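The values are calculated or read from the model by the stated rules, or taken from the named source; none is laboratory data. Given the structure is predicted, the values throughout are model-derived calculations rather than measurements. Note that we place each Cβ from the backbone using ideal geometry, even for glycine, and neighbour counts take in every protein chain shown. Please note that ligands, DNA and RNA were not included when accessible areas were found on the heavy atoms of the full protein model with its side chains. Shrake-Rupley method; radii C 1.70, N 1.55, O 1.52, S 1.80 Å.
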Amino acid sequence: MPTTPLPASVRKRTELFAKNIKHRGNVKKSLDPKKQQAIEAQRQRKNGLGSSLPSLTAGSRKIIIAFLALTVGSVLYQICLPFIGGNSNSGASPRQAKQSGSALTREQQARAAEA
């Protein structure tokens, strides 16, 4: 069955369409080359391309900042605790703290045990 040749207008549209397939998704954002380079560099930074570290999301940044604030606050609290007037037995062993924390003397404890 012989086929008829396509009209010139249809053939041109088909060729343009076939040529365009290779360039889809690569539309330039700007016709100015300097702006195009700046846009491309910004896109790469945002996607983490061009650096060895992946970019952080807003949620992960908040978690890291909260962890650092907690750690630094805890360190500062531990450093300032002796100057604020914290518990004098904080460095003592549990046995020493138990002995000094007892309000009754041994004689009073003995009397209480007899009664």
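Accessible area, 1.4 Å probe, largest first: how do Val72, Val10 sort?
On the way: Val72 85, Val10 50 Å².
So, going from the largest accessible area down, we get Val72, Val10.
Full-extension gain between Phe83 and Ala103, please, as 0.36 nm times their residue separation minus the C-alpha to C-alpha distance. Don't skip to the answer; put the middle values down first.
Details: separation 20, 0.36 × 20 = 7.20 nm, distance 2.63 nm.
Contour length minus the Cα-Cα distance gives 4.6 nm.
Ordering Arg61, Arg13 from largest to smallest accessible area (1.4 angstrom probe), what's the sequence? Spell out each step's value before the answer.
Working: Arg61 125, Arg13 155 Å².
If we order Arg61, Arg13 from most to least accessible, we get Arg13, Arg61.
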Q) Assuming R0 = 30 Å, what is the FRET efficiency of Arg43 and Leu70, from their Cβ-Cβ distance, to the nearest 0.05? A) 0.30
